[in-house]
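Notes for the one structure printed next.
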Amino acid sequence: MFEAGLICMALNVYFEARDQPLVGQIAVAETVLNRVHSTFFPDTVCEVVYQGEYYSWNPDIPVRNRCQFSWYCDGLSDKPKDETAWHKSLQVAHGVLNGYTDSVVEDALWYHAHYVVPDWSRSKRMIVRINDHIFYGSKNVESVYLDHSEGE
């Protein structure tokens, strides 16, 4: 049986980056983990992945297009269909969660596809572009506390 954090991370890797090279998939997973360690985001992988606005009349249903990761509230199925890509996403999630990968995005807490320019990106520090995604950290690195000591 897989733990919830692994499944949440793998789903995010699958839907955000399954068409990206391995380094891009690791970068997406690492960004989620950076958020878990940041004092500005929720404390678990699943809470980070499912962060967003929810309907007041049903707190289990996210408001369409109002989530941190668009796949979760786009109105489409959240069940992986490509079995090979799903297994790779599980492997990437396992590797990142267990510290088996090298850092590829430093302290990145945000990313977006290269073909959009969200308003928030102007207030961030670009770290790296990996294939279709651009990764960002805080402009003032001192303002983002990343606690990587837990679990070590």
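Using DSSP loop states and a limit of at most 12 other Cβ atoms within 10 Å to flag chymotrypsin sites (Phe, Trp or Tyr not before Pro), what is the longest stretch of the chain containing no flagged site? Before the final figure, lay out the partial values.
Values: sites that count: F2, F40, W57, Y100, Y115, Y145.
Result for the longest clean stretch: 58-99.
For E3 paired with S123, estimate the spin-label separation in nm (one decimal), with each label point 7 Å from Cα along the Cα-to-Cβ line.
Taking the simple label geometry, E3 and S123 are separated by 3.4 nm.
Under a plain spin-label model, where a point goes 7 Å from the Cα along Cα-to-Cβ, how far apart in nm are R64 and V116?
About 1.5 nm, to one decimal.
Choose one answer from H37, H133, H114: the residue with the largest mean-square fluctuation in a GNM of the chain with alpha-carbon springs under 10 Å.
H114
Report Rg(Cα)/(2.2 N^0.38 Å) for the range 4-105, keeping two decimals. Provide the component values of the computation, followed by the final result.
On the way: Rg = 13.4 Å, N = 102, 2.2 N^0.38 = 12.8 Å.
Expressed relative to 2.2 N^0.38 Å, the Cα Rg reads 1.05.
For the range 1-104, run through the trypsin sites (Lys or Arg not before Pro) and keep only the ones in DSSP coil with at most 11 other Cβ atoms within 10 Å of their Cβ. Display every interim value, and only then the final one.
Numbers: sites: R18, R35, R64, R66, K81, K88; in loops: R18, K81.
When the trypsin sites (Lys or Arg not before Pro) of the range 1-104 are filtered for loop state and at most 11 Cβ neighbours within 10 Å, K81 remain.
Hand me the GluC sites (Glu not before Pro) from the range 27-92 located in a DSSP loop with no more than 11 other Cβ atoms within 10 Å, in residue order please.
Working: sites: E30, E47, E53, E83; in loops: none.
Of the GluC sites (Glu not before Pro), not one in the loops of the range 27-92 has a Cβ with at most 11 other Cβ atoms within 10 Å.
The numbers here are math on the coordinates, done by the rules we state, and not lab data. Bear in mind that the values here come from a model prediction, so they are computed numbers and not experimental data. Cβ sites come from the backbone with ideal geometry, for glycine too, and all protein chains shown count toward neighbours.
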